[in-house]
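J.: Before anything else, here's the structure in question.
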């Protein structure tokens, strides 16, 4: 029997309690997948990675705002780094993720395809700081 990883905000809180040098050491060799697993179960992440990249359209991608559209469902994802807000409009996000500080498969896909350094920095910030998850 394979044991599922349980999403646990307690583990995020433990990382937040570390001093800055310990946090740097903790994040040093983490992959995007490692960081995403703090916000979603592994089988759900695998499902996210199956979303075809051709279905993602970049609307805006700069140092402050990253905005994407999932064309098959007409979903919008907006990541505002400056305001620490993620906005999205899929049903799973509306009813589960935004209330539990987890990510839906669309966000998992986005983080797997945007520039690696940007993705890692945003995911680290999601772990270390409180962000708002909002519905568009």
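J.: What order do you get for 93, 131 when you list them from fewest to most C-beta neighbours inside 10 Å?
T.: Least to most surrounded, the residues fall as 131, 93.
J.: Also, I was wondering about something else. State, to one decimal in nm, how far the label point of residue 125 lies from the label point of residue 83, with both points 7 Å from Cα in the Cβ direction.
T.: Each label point is offset 7 Å from its Cα along the Cβ direction, giving 1.3 nm.
J.: Same structure again: Which one is right for this structure if semi-axes √(5λ) of the Cα gyration tensor in Å is calculated from it: (1) 31, 17, 15; (2) 23, 18, 15; (3) 20, 18, 16?
T.: The value computed from this structure is option (2).
J.: In percent, how large is the relative contact order of the chain, given Cα pairs closer than 8 Å and 6 or more residues apart?
T.: In percent, rounded to a whole number, it is 27.
J.: Then there's this: With angles folded into 0 to 90 degrees, how steeply does helix 116-128 sit against the dominant principal axis of the chain? Use alpha carbons for both and round to 10.
T.: That helix lies at roughly 60 degrees to the long axis.
J.: Right, something else. Just subtract the alpha-carbon distance of residue 13 and residue 72 from 0.36 nm times their residue separation and send over the number in nm, one decimal.
T.: Value of the extension gain: 17.7 nm.
Laboratory data are not the source of any read-out in this text; all were calculated from the coordinates shown. Quantities reported herein were computed from a predicted structural model and do not represent experimental measurements. With ideal geometry, Cβ positions are generated from the backbone for all residues, glycine too; neighbour counts draw on all protein chains shown.
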